[in-house]
Every structure is written in structure tokens, then in C-alpha cells.
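Visitor: I have a structure here, written as C-alpha cells, and I will follow up with some questions on it.
Each value in this text was obtained by applying a stated rule to the coordinates, not by laboratory testing. Keep in mind it's a predicted model, so treat the numbers as computed, not measured. Using ideal geometry, Cβ is built from the backbone for each residue, glycine included, and neighbour counts are taken over all protein chains shown.
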Amino acid sequence: MNGLRSKMKTLKTKFFKTCPKTGKIVGLQPIESQSPWLFPLIGLAALIWVMVRVVPKPSRARYPCQQIAIPLAASFVLWLIGPIATALTFRKLHQWLKQKRFLKVLFTFAIFALLLGGTFGSGVSVPQASYPPHPANDPIGTAQGLAPGRVVWVHNPDVTDWAGPNSGELWYEHVDQAAATNMMDWALKGYSEAANLADAWDAVFRHYNGGTPYQPGEKILIKINLTTVNSGGGFADASYNPVFKGEVTRGSTANAPQLLLALLDQLINTAGVAQSDITIGDSTGLFVNYLYDPLHAEFPDVHYEDNRGTLGRSQATYTSPCVPYYWSTEDADGKTQDCVIQSYDEADYLINFAVLKSHERAGMTVAAKNHYGSMLRTPIAAGYYDLHNRLPLDDTGTLYQGMGFYRPLVDLMGNAHIGGKTLLYIVDGIYGGDGWASNPSTWSMSPFNGDWPSSIFLSMDPVAIDSVAFDFLSQQWPDDVLKYEGVQDFLHEAALADNPPSGTCYDPEHDGTCMTSLGVHEHWNNATDKQYSRNLGTDDGIELLYVTADPTALNYDLTISVSPPEGGSTVPAVGTHAYEAGTVVEVTASSNPGFVFDHWEGGCTGSDTCFVTMDAAKTVTAIFVEEEFLGDVDGDGSANSTDALIVLSADVGIPVGSYCPMNCGDVDGNGVVNSTDALILLSFDAGLGVSFGIGEQGCPQTITQPPGCTP
């Protein structure tokens with residue numbers, strides 16, 4: 001029964017758009033996503049229906065169903081006639097060429113050119129987001145972690161000076177080790193709010209263990225992402241030198257070795273974990289030299305695990321006898337049994353260290369999909385359950401694009417041997433990458449502004465960290481991330497795992513117990529402010545903690561606001577930001593349509609870019625005024641004789657209260673609105689040249705009003 005229900009949902013999603021919350025049909029899927037034979041088959045069915053019903057009794061042509069069927073049948077007939085007519089035309093052209101009737105041949109080809117031109121010119125491009133955007137600040141699920149729902153975002157532009165893929169430079173040689181070490185420190189201390197790294201690690205371990213600290217001898221596995229050097233693609237030679245081919249180039253990024261070194265240093269020299277109790281790697285990839293060499297040189301007793309297991313690396317193997325894990329779908333019945341990898345079975349804790357990437361089929365590949373590499377076989381290995389068939393875009397390019405489906409990513413996120421052992425989730429966003437081959441580009445969104453993202457993300461909530469990653473990636477590579485609504489389906493399924501929209505009982509252990517919520521999912525308010533529900537003062541949802549310096553240093557708060565709220569925005573964004581003592585913060589303001597920035601109040605003055613020295617807590621307010629034009633006192637958008645008469649009336653004492661204060665009437669800039677301004681306006685309206693900025697945006701602020709504007 002569940003199998004039939006799943007197939008019906010697949011068909012429903014294939015042909016119809018549905019509301020992600022109610023499941024109701026709200027429209028048709030785009031024509032581009034359907035099989036090319038769908039509409040010919042519909043046309044053939046309509047033709048048969050017309051012949052069976054209308055031909056015997058023509059009066060039935062007036063029936064509503066036939067009013068729909070007849071045009072479809074006619075279209076099908078024309079579709080059939082097209083190839084036949086084309087064949088006959090080319091036969092005629094062949095005859096004319098033999099008869100040397102070249103004028104007719106040229107005329108026919110001219111018609112073909114016009115037809116083809118019209119066809120290509122009317123092509124419809126696939127929109128970036130072919131579904132209604134999901135609401136902002138509408139959290140679902142239960143927040144997890146020491147700081148529930150918190151995702152720390154550390155941004156440090158100093159971490160890289162790479163000139164880019166076309167420079168000939170190698171990306172991993174342009175990551176500053178000191179900056180990377182600081183970022184890893186800031187991330188953990190920011191998350192835990194601990195005064196030092198030792199206390200931070202202790203707090204994380206105790207929360208995971210229900211109050212018990214880390215015990216010597218407990219093993220830690222660090223899962224990194226080696227997709228661009230996967231073992232099946234020939235992307236490394238026998239000596240572990242990377243091989244660049246196809247989509248994988250010298251610029252294809254992976255985990256930065258500097259961040260991995262910083263993490264190992266913290267675990268070994270601060271948290272007290274023995275080198276021999278740590279395994280780091282990816283069971284489906286190859287631990288190439290640019291990663292292995294610096295790590296092994298510093299920490300030679302750590303186990304560096306990959307698929308090959310030569311030249312000092314250890315080889316990933318299955319548990320023997322097999323420790324099984326399962327997929328919570330009948331589609332996996334009868335498939336080869338998946339087994340847990342030995343290092344995962346032995347580990348007491350996992351650290352999921354992903355890379356910030358988009359993906360051609362999944363839309364994005366961050367912490368959850370990083371666990372495709374937590375199996376020893378490929379996602380599409382023969383005989384096994386095909387994991388690609390439950391990505392938003394499967395091998396055929398048409399199925400599972402909607403919401404409310406079983407997603408194997410949720411099984412991986414909650415499996416007792418994988419997600420169930422995960423202590424921390426970290427995402428390497430030093431460069432990020434486009435597609436599985438991880439080809440990077442600089443980011444235009446604020447605060448990157450044309451630079452590399454130079455960021456890392458850290459959380460104990462697996463749903464929250466991938467939700468934040470979705471919002472960031474959707475701004476940089478929307479063609480992948482926003483093309484299919486199902487990209488975020490696994491986040492909904494995981495957040496609501498106790499009662500998922502698909503109705504699946506996620507039970508990867510097959511012990512009869514359905515998993516509960518794995519974390520909290522929501523979207524930020526906008527790409528400029530990047531505020532989640534907890535940032536806005538609620539006790540639910542995600543908190544994105546933006547860190548640019550050591551959070552344990554002496555900090556002062558800078559509170560920024562705008563007046564009126566709809567007038568514009570600031571950089572840094574509206575809100576309260578903590579800065580290390582002595583930091584000089586550049587604050588800029590941008591107006592929204594219909595407003596202009598006027599001046600600063602509080603810790604800034606004037607109307608230029610403001611620089612605030614953080615030697616105490618400070619407040620800055622950006623003042624915006626409605627867009628006005630010099631000389632326009634009646635607010636109709638132009639300066640003319642009507643404005644002059646209003647100014648003149650006010651100057652002789654006639655009350656003109658609805659136009660007061662009339663600061664825009666001071667066209668000569670002498671600080672007073674009077675009859676002189678009225679005469680200048682009349683001259684301007686008559687076409688005479690005046691040496692004043694009438695019609696220009698902005699009006700004086702401190703003006704003496706005429707008698708008609710005073711009580």
C-alpha cells in the first residue's frame with residue numbers, strides 16, 4: 001500500500017505543483033519538465049475520444065468535454081502533418097534542383113529561415129525559482145544543540161588572497177593558516193559562549209553526553225568531503241597527486257587543509273584527544289597529498305582514511321560481520337544490504353566537516369549530503385538502493401521535484417551510526433564551490449562584495465546549519481538551488497521527522513521506532529539583514545551569530561536603527577552588533593524607493609559615510625526623509641507657478657496649513673520662505689534661466705516658515 005501511495009505522489013509531483021504545507025494542487029509543472037511524448041499521447045487520446053463520441057453523433061461536439069478534446073485532437077493532427085509536409089517539401093525541392101528552378105528553391109529556404117527564426121526567438125527559459133518562495137521567519141521543527149538552533153557564521157576576509165582559478169595559483173596555497181586557526185577558535189567560542197577553547201570543548205561534549213565530559217580513549221571520526229578526488233573517477237594518480245580532468249580543474253576546491261589542521265590542533269592540544277583516537281577522511285575519496293602532507297607532518301599518529309589505503313593512509317572497510325543500516329522505503333526492499341563502515345562503528349563521536357557547495361541534482365550539497373560519503377559504495381552502485389532517485393532531480397531529469405517525499409538524506413542524518421553520533425557540524429565556506437566539481441567564484445552579496453566568502457559555519461543542529469547554507473547558496477548559485485522546490489524537502493522532512501509531510505516513518509535501524517525532529521528549519525528575513533527568528537527576539541527557530549573577531553575579547557555593542565523603518569537600510573544591518581574594543585566600524589546608509597538619506601543621529605553626525613570608533617557602547621540612527629524636490633511645495637512632483645502662488649499666499653499671511661512646513665519653497669537657500677522665492681519659481685516656470693537647483697532632489701531642513709504657516 002505504501003508503495004502505491006509513493007507512486008501516486010510521484011505522478012502527482014511530476015505533473016502538478018503542490019503547496020508544500022497542505023499538499024493541495026496549485027498548478028501544473030512547467031512544460032519543460034515533462035516527457036516530450038506526454039502531449040502527443042494526450043493528443044492521440046483526445047483524437048480517439050472525438051472519433052468515438054463525436055463522429056457517430058456530431059451534436060456531441062457542443063459538450064464541455066469535447067470543447068476541450070477537439071482542440072487537443074486538432075493539435076495532434078497538425079503535429080502529425082508537420083513531418084509529412086516537411087518530407088513533401090524536401091521532395092519538391094529535390095525536383096526543382098534537377099529542373100534548375102533556383103528561384104523557387106531560394107524562396108522556399110527563405111520561408112524556412114523565417115520559421116526557424118521565429119521558433120528560436122520565442123524560446124522560454126526556465127525560471128530560477130519555478131515555485132512560490134517559502135515564507136521567511138516561519139520555523140518548523142525542534143531546535144537542537146547546546147545553544148538550540150544557533151549557527152555561528154565566522155567571516156574573515158584576511159583568510160585568503162587567492163587571485164582565482166585563472167591565475168595559475170593553487171587555491172590551497174592561498175589560505176592563511178593564522179587566520180584559519182583564529183576562525184576555528186572564534187567559531188567554537190562563539191557557539192558555546194565559553195571564555196576559552198578548553199571550556200568550549202568541554203561544554204559541547206557535556207551537552208552531547210547528557211552531562212558527562214569527554215573520556216580518554218573515546219574515538220572521534222572527522223568526515224570531510226573528497227568528492228573532487230573520488231576513487232572511481234581517476235582523479236588521483238598512484239602517488240596521490242591530483243589529476244585534473246573533465247569538470248574537475250586546478251581551481252576545484254575541497255576542505256581547506258588549514259582549517260583541518262586547526263581542528264585537529266584543538267582536539268589534540270586543547271580537548272585532550274589522543275592522535276591515535278582520531279580518524280579523518282572520506283571512504284569514497286582519496287586523501288590527496290595537498291591535504292595529507294601538512295596534516296600528517298603535524299599529527300603523524302592520526303588515522304587518515306580513504307578508499308585506497310596506501311602510502312600511509314588507512315583503507316575504509318565494512319564491518320564484519322555486517323552491522324546493517326536500512327532505508328525507510330519499500331523501494332529498498334530486495335536490494336543489497338548496506339553495512340556500516342568499521343571506523344563509524346568504532347567511533348564514539350563524529351564531526352561532519354562539509355564544504356559549502358551547490359549541486360546539479362541535489363541543488364545543494366552541504367552537511368546532510370556529505371554523508372553520501374559515509375558509505376563505502378557509490379550512491380548508484382549496482383544492486384543497492386539508488387540514492388540518486390530521491391534527489392530533487394533524478395537521472396531522468398523529471399522525477400521527485402516537489403515536496404513531501406521520502407528522502408534518504410533524513411535516514412543518514414538520523415542514523416544511529418552516522419548522524420546519531422555527530423557531535424558538531426562544520427561547513428567550510430572559505431571559497432565554496434559551484435556543482436559537484438566545486439568550481440568557485442567570488443560572491444557579490446553583502447558583506448562579501450565581490451570577494452571570496454572567506455567563512456566557516458558551525459552548529460550542533462544539522463537542520464539549522466543546512467537551512468542557513470541554503471539561504472546563502474540560493475543567492476550565489478540560484479540556477480541549482482532554487483530551480484526545484486524539492487531541494488529543501490529533506491529539511492522539512494528532517495525538521496518534522498516525528499510527523500513528516502511524506503508520512504514516512506524514518507527508522508534507519510529497523511527497530512520499530514520512528515525518529516523525532518532532527519532540528520529546526522526556517523528562512524532568513526532577507527539577504528541583506530540575514531535575520532532569523534531568534535535574531536528577531538523570539539524563543540524559536542534559528543539564530544545566526546555573525547562573528548568577525550574573537551568573541552571573548554572585550555566587546556562593545558553598536559546598535560543601528562533607521563527612521564522611519566521603511567526609509568532605507570544600513571551596512572552593517574539594522575540591529576545590535578558586537579565589536580572588539582578599538583574597532584573602527586564603517587557605517588553606510590542606502591535609501592528605499594520614495595526616500596532619500598538625510599543625516600545621522602547619535603554616534604554619527606552629518607550625512608557622509610560614518611566611521612564609529614568602538615570605545616564604548618554606541619547607538620547610530622540613519623534618518624531618511626520622503627523624496628522631495630526643491631521648489632515643489634504642493635507635492636505633485638514638479639515645481640511650477642502653482643507652487644509660486646502657494647508661497648506668495650503664505651508670505652502675505654494667508655493660511656496654507658496643508659502645505660506646511662514648506663521647506664522646499666526656499667529655492668534661493670537664504671533660510672526663509674518668502675515672496676522672493678515665489679518670483680524665482682514664476683521665472684523658472686516661464687522658462688527664464690535661474691541660478692538655483694529647482695527640481696533637484698532634497699530640500700533644506702532648517703527653514704523659517706512664512707506667516708501663512710505659523711499660528
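Visitor: At what distance in nm do the modelled label points of Ser675 and Phe244 sit from each other, each positioned 7 Å from its Cα along Cα→Cβ?
Guide: Here the answer is 8.0 nm between the modelled labels.
Visitor: Here's a follow-up. Sticking with the crude label model, points 7 Å out along Cα→Cβ, report the distance from Asp293 to Asp615 in nm, one decimal please.
Guide: 4.9 nm
Visitor: Please list 3J(HN,Hα) in residue order for the range 580-597, calculated via the Karplus relation 6.51 cos²θ - 1.76 cosθ + 1.60 where θ = phi - 60°; whole Hz, with x for glycine and proline.
Guide: Couplings: 5, 3, x, 5, 9, 9, 8, 10, 10, 10, 10, 8, 8, x, x, 10, 10, 6 Hz.
Visitor: Pairs Lys189/Lys245; Lys369/Lys530; Lys245/Lys530; Lys219/Lys369: which exceed 29 Å Cα-Cα? Provide the component values of the computation, followed by the final result.
Guide: Values: Lys189/Lys245 40 Å; Lys369/Lys530 24 Å; Lys245/Lys530 37 Å; Lys219/Lys369 23 Å.
From Lys189/Lys245; Lys369/Lys530; Lys245/Lys530; Lys219/Lys369, over 29 Å: Lys189/Lys245; Lys245/Lys530.
Visitor: Which far-off residues, 5 or more places away or on another chain, put their amide H under 5 Å from the one on His359, with H placed in the peptide plane?
Guide: Residues meeting the amide H criterion: Met364, Thr365, Gly435.
Visitor: Quick check: residue separation of Ala136 and Arg308 times 0.36 nm, minus the Cα distance between them. What number comes out in nm?
Guide: Details: separation 172, 0.36 × 172 = 61.92 nm, distance 4.50 nm.
Answer, rounded to one decimal: 57.4 nm.
Visitor: How do 148-155, 655-662 rank on mean C-beta neighbours within 10 Å, highest first? Please list the in-between numbers first.
Guide: Details: 148-155: 24.0, 655-662: 16.2.
Ranked by mean Cβ neighbours within 10 Å, highest first: 148-155, 655-662.
Visitor: Let a ≥ b ≥ c be the square roots of the eigenvalues of the Cα gyration tensor of the range 641-709; is it rounded (a/c under 1.5), or, if not, prolate (a/b larger than b/c) or oblate?
Guide: Here the range 641-709 falls in the oblate category.
Visitor: For the range 148-536, what class follows from the C-alpha gyration tensor (a ≥ b ≥ c being the square roots of its eigenvalues): rounded when a/c is under 1.5, otherwise prolate if a/b is larger than b/c, else oblate?
Guide: Numbers: a/c = 1.16, a/b = 1.10, b/c = 1.05.
Here the range 148-536 falls in the rounded category.
Visitor: With θ taken as phi - 60° and the coefficients 6.51, -1.76 and 1.60, list the Karplus ³J(HN,Hα) couplings across the range 450-456 in order, rounded to whole Hz; mark glycine and proline as x.
Guide: These are the phi-based 3J(HN,Hα) values: x, 10, 5, x, 6, 9, 9 Hz.
Visitor: Next question, about the same structure. Which peptide among 216-222, 593-599 comes first, and what is the full order, when sorted by highest mean count of other Cβ atoms within 10 Å?
Guide: Values: 216-222: 17.6, 593-599: 15.3.
Those peptides, ordered most packed to least, come out 216-222, 593-599.
Visitor: Further question: Can you work out ³J(HN,Hα) from phi for every residue in the range 472-489, in order, using Karplus 6.51 cos²θ - 1.76 cosθ + 1.60 and θ = phi - 60°, giving whole Hz and x for Gly and Pro?
Guide: Once θ is set to phi - 60°, the couplings for the range 472-489 become 5, 5, 5, 7, 8, 10, x, 4, 8, 6, 9, 5, 10, 4, x, 3, 9, 4 Hz.
Visitor: Determine which aspartates and glutamates satisfy two conditions relative to Lys357: a Cα distance under 16 Å, and not lying fewer than 8 residues away in the same chain.
Guide: Once the sequence-local aspartates and glutamates are set aside, what remains near Lys357 is Glu247, Asp428, Asp434, Asp466, Asp471, Asp479, Asp480.
Visitor: How do the peptides 366-377, 293-304 rank, highest first, by the average count of neighbouring beta carbon atoms within 10 Å per residue? Display every interim value, and only then the final one.
Guide: Working: 366-377: 23.7, 293-304: 15.7.
Highest mean packing first, the order is 366-377, 293-304.
Visitor: For Ile222, list long-range residues whose amide hydrogen, built 1.01 Å from N in the peptide plane, is under 5 Å from its own amide hydrogen.
Guide: Hits under the 5 Å cutoff: Thr279, Ile280, Gly281, Ile351.
Visitor: Further question on the same structure: Take the alpha carbon atoms of the range 633-690, find their center, do the same for the range 560-605, and report the distance between the two centers in whole angstrom.
Guide: 33 Å
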